[in-house]
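Beneath this line is the structure, given in structure tokens, with notes to follow.
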Amino acid sequence: MRSLVCVFLLFFSYQALAISPESQPALDEVVITGTFRPASALDVPASVSVLDATTLREAGQEHLEDVLALIPNLNWAGDTSRPRYFQIRGIGELEQYQGAPNPSVGLLIDDIDFSGLGSAATLFDVDHIEVLRGPQGLRYGANALGGLIYAQSAEPADTAGGHVELGAGNYGERSYGAVLTGPVPELDSSFRLAAQHYRSDGYYRDVYLNRNDTDRRGELTLRGRWRYQPSDRLRVDLTLLHVQIDNGYDAFTLDGSRNTQSDNPGIDSQHSTGASLRLALSEIDLAGLGAATLTVIGSYADTRVKYGFDGDWGNPILWSPYVYNYTDVQNRDRATHSLEARLGTNAEHGLNWLVGVYGQQLHESLNEDSAGIFFDPAAGGDVPPISHTLTSSHFQSRTGAVFGELDGDLPGNWHWTVGVRGERWTARYADVILNPDSAHDFHPSNNLWGGSASLTRKLAANASAYATVSRGYKAGGFNLNTEFLLPSQIQFGPESDLNFEVGYKAELLEHTLRVNTDVFYMRRKSLQVKTSEQLVPSDPNTFVLFTGNADSGFNYGMESELQWQATQAIAFGASLGLLQTRYHGFVQGGEGLPDRALPHAPSWQAAVNATYRDPRGPFARVDVTGMGPYYFDLPPNPTTSKPYGLVNGRVGWQAQKWSASVWGRNLLDKKYPVRGFYFSDAPQDFLASPPVNRLYTQLGDPRAWGVDVSYFFR
């Protein structure tokens, strides 16, 4: 298989060198829409990656998970069936078992906020995905300390059309979807409807239950878009989205294999319904302040998550003679409302200004049932009753923000921007844990601020260099394991970071070669770090995670991307991310933890790809991605992953009215982890003196293959 990959890449290189430069087409322009104003990627003074529809279709399969490795310094944590938590430049969450939602990486899908709910990021009929690295405090506030993932579905078309597609693969994979789009001239409108259903048995076999589908995937995506545009000055976009994830979750084994032994396999479902309304009214005359554009964005999202797992990962036969059985089920309901209004100018030259206000309300309820029993016959006595811990909690937060930005030109092809955002965050949390006397009731609030300033120099018509200083922030929070923590550890404070970045962007060789590179240094203050401890060795459900503030920390590194349209038929791409992280001064239980790197922050990430596309129909693409080692968690977990590389590919034929392709993922069938825990799960380990901790990992997807067929109608 390695030889085939090498031959494939050599073929691309030979074709690129064999065809004359006159046949080279220019790369398509990339426009960034996740900023306040749409702008060419060459003009945005920030580190941004964009995956267009073609890349998502040919390098991906069904979910954002499939293309994350193409983005430098973007990683994700497992512990769910689909990625729900992301890390950008080493900043982000690994899970949310307890407490209030407090994401560090924002996720917007058609302006609908799904931060901390990444399972909603399916790929069907998505036009492009933008990843803005570094603090986005000015643009998005407290939920984008590490960065922002901004996804946009395909827009309604001005001509009638659509397509249907079918897919099938190994592990019982099946998918079918359809898109319908077109104009409604009588209403000055156009629409787009998309629907897809995807299912798979998953990649684990439960040998105890003799089932292949305990880690199954069943996913439904429904999208609707309506655009009303009676004139060039006014445009209104309405988006509706429903994503229904009904997946199993049975992904941890004692021996690190894909053969589980659970008697109560878990569940990981997420039902999300959202809507957004965007209004843009341009050419507003403000009597000397310039022609301004008013943008109003309202959004609503309602999500219901049911997440459960087999706490002991075993069954009565496996654990005999011990009586050992634990389960945990969580039902989480979250509703988010937001409204943003901004007014600003967008002149090609001179001074521009923008002011705006933002408000958000979030409500979440959580009901958790943690139950289990452990009995060692050798210890004597009677079998104890099943223990139950029932938690019912309610969380509500309100955010209000004002922001403003100025930008203008300076002599010598220089351009400057400066902006600031102020935010007030208030929250209330209350719960009952089994006994009302042990209930928690918190009312935290924070005044927060962030912003950015940049200076850009136009080096040539299609090349520029920039320097940016930006400040991000994140609200504080609280832990729920109060009976096990010191009074000073119950609540933790807000965090801020200061990011220094310089970069270079260019389109060279007559717009056939695109280069995007940057280096950054981020200084973090009072950074929030989460650690873990198993409080009762014989009860895996007492494996608790809690958050505190380290005194300081830093993240620094680089990101670099390259695209080369070598010939009419051949294109190459590459990306590289380098990262170093460290925290200082974190105290747990009265003892300082050793300073070290943050979890899920690999020291390097790399990707290369090659595409062949013949105008007569045949096409092929190969992607090779790699990742360096990283810590799975903070102390007391000392374990790390190992470097690994993956190979994905697709070959097919594209005609005017149909297309067909064969795809393969992880073609070399590499075994690699996406999450790791270090504790005592087996009785012989936690009854030992001292207890023996072991590393348990959730594996990434094995080798998979399939076929896709699409028919287009216009």
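The values are calculated or read from the model by the stated rules, or taken from the named source; none is laboratory data. If you're wondering where the values come from, they're calculated on a predicted model, not measured in any experiment. Cβ atoms come from the backbone with ideal geometry, glycine included; neighbour counts cover every protein chain shown.
Worth pointing out:
- None of VAL243, VAL236, VAL207 is touching a Leu at 6+ places or on another chain (Cβ under 6 Å) and either of a type in the set (A, V, I, L, M, F, W, C) or surrounded by fewer than 18 Cβ atoms within 10 Å (Cβ to Cβ) (or both) except VAL236.
- Of the residues contained in region 253-270, none is found to be touching a Leu at 6+ places or on another chain (Cβ under 9 Å), within 21 Å of GLY34 (Cβ to Cβ) and surrounded by fewer than 18 Cβ atoms within 10 Å (Cβ to Cβ).
- Filter result for TRP653 (surrounded by fewer than 19 Cβ atoms within 10 Å (Cβ to Cβ), part of a strand (DSSP E or B) and not β-branched (Val, Ile, Thr)): yes
- Those residues of region 66-84 which are surrounded by fewer than 23 Cβ atoms within 10 Å (Cβ to Cβ) and either without any contact (Cβ under 8 Å) to a residue 24 or more places away in the chain or out of contact with any Leu (no Cβ under 9 Å at 6 or more places or on another chain) (or both), in sequence order: LEU68
- Going through (1) more than 26 Å from the chain's Cα centre (by Cα); (2) buried (at least 16 other Cβ atoms within 10 Å of the Cβ) one by one, ALA601 falls short only on (1).
- Test set (1) modelled with pLDDT of 95 or more; (2) touching a Phe, Trp or Tyr at 6+ places or on another chain (Cβ under 6 Å); (3) in a strand (DSSP E or B) - PRO602 fails condition number: (3)
- Flag if TRP663 is within 30 Å of GLY161 (Cβ to Cβ), free of Cβ contacts under 8 Å to residues at least 60 places away in the same chain and not in a loop (DSSP other than H, G, I, E, B): no
- Some residue of region 34-45 being modelled with pLDDT of 85 or more and crowded, with 22+ Cβ neighbours inside 10 Å: yes
- Filter pass, LEU343 being at pLDDT 95 or above, of a type outside the set (Asp, Glu) and either over 23 Å from the mean Cα position of the chain (by Cα) or surrounded by 19 or more Cβ atoms within 10 Å (Cβ to Cβ) (or both): yes
- Count of region 551-581 residues, restricted to those that are over 25 Å from ASP595 (Cα atoms), hydroxyl-bearing (Ser, Thr, Tyr) and within 25 Å of the chain's Cα centre (by Cα), is 2.
- When region 272-302 is filtered for residues that are in contact with a Phe, Trp or Tyr (Cβ under 7 Å, 6 or more places away or on another chain) and either under 14 Å from LEU234 (Cβ atoms) or not hydrophobic (A, V, I, L, M, F, W, C) (or both), the ones remaining, listed by number, are SER272, GLY274.
- Pair list, Cβ under 8 Å, 6 or more apart: region 384-404 residue closer than 20 Å to ASN143 by Cβ and exposed (fewer than 14 other Cβ atoms within 10 Å of the Cβ), other residue at pLDDT 90 or above and aromatic (Phe, Trp, Tyr): VAL402/TYR358
- Residues that are more than 21 Å from the chain's Cα centre (by Cα) and surrounded by 19 or more Cβ atoms within 10 Å (Cβ to Cβ), drawn from region 694-714: TYR696, ALA704, GLY706, ASP708, SER710
- Residues satisfying the stated conditions in region 616-631, i.e. assigned to a loop (DSSP other than H, G, I, E, B) and either of a type in the set (Lys, Arg) or surrounded by fewer than 21 Cβ atoms within 10 Å (Cβ to Cβ) (or both): ARG616, GLY617, GLY628, PRO629
- All positions within region 612-642 that are within 18 Å of ASP701 (Cβ to Cβ) and not polar (S, T, N, Q): VAL622, ASP623, VAL624, GLY626, MET627, LYS642
- Failed item in (1) within 22 Å of GLU219 (Cβ to Cβ); (2) under 11 Å from the mean Cα position of the chain (by Cα); (3) among the polar types (S, T, N, Q); (4) assigned to a strand (DSSP E or B), with SER119 passing the rest: (4)
- Condition broken by LEU634, with the remaining ones in (1) touching a Ser or Thr at 6+ places or on another chain (Cβ under 9 Å); (2) assigned to a strand (DSSP E or B) satisfied: (2)
- Failed item in (1) over 30 Å from THR54 (Cβ atoms); (2) within 27 Å of the chain's Cα centre (by Cα); (3) of a type outside the set (Val, Ile, Thr), with TYR672 passing the rest: (1)
- Segments classed as strands (runs of 3 or more DSSP E), wholly inside region 146-213, with at least 1 members that are within 25 Å of the chain's Cα centre (by Cα), under 30 Å from SER262 (Cα atoms) and touching a residue at least 60 places away in the same chain (Cβ under 8 Å): 173-184, 189-200
Residue by residue, here is whether (1) among the basic types (Lys, Arg); (2) closer than 30 Å to GLY92 by Cα; (3) at pLDDT below 95 holds:
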| site | (1), (2), (3) |
| --- | --- |
| ALA154 | no, yes, no |
| TYR176 | no, no, no |
| PRO183 | no, no, no |
| SER189 | no, no, no |
| LEU193 | no, no, no |
| ARG205 | yes, no, no |
| ASN210 | no, no, no |
| THR214 | no, yes, no |
| ARG235 | yes, no, no |
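- Any chance TYR612 is in a strand (DSSP E or B), surrounded by fewer than 20 Cβ atoms within 10 Å (Cβ to Cβ) and modelled with pLDDT under 95: no
Results for (1) over 20 Å from ILE88 (Cα atoms); (2) touching a strand residue (DSSP E or B) at 6+ places or on another chain (Cβ under 7 Å); (3) touching a residue at least 24 places away in the same chain (Cβ under 8 Å); (4) of a type in the set (Val, Ile, Thr), shown as yes or no for each residue.
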site	(1), (2), (3), (4)
TRP564	yes, yes, yes, no
SER575	no, yes, yes, no
LEU578	no, yes, yes, no
ARG582	no, yes, yes, no
PRO594	yes, no, yes, no
LEU598	no, yes, yes, no
THR611	yes, yes, yes, yes
PRO643	no, yes, no, no
VAL651	yes, yes, yes, yes
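- Residue in region 360-369 that is under 18 Å from ARG139 (Cα atoms) and surrounded by fewer than 19 Cβ atoms within 10 Å (Cβ to Cβ) present: yes
- Taken over region 531-557, the criterion of being surrounded by fewer than 18 Cβ atoms within 10 Å (Cβ to Cβ) and at pLDDT 75 or above is satisfied by ASP551, SER552, PHE554.
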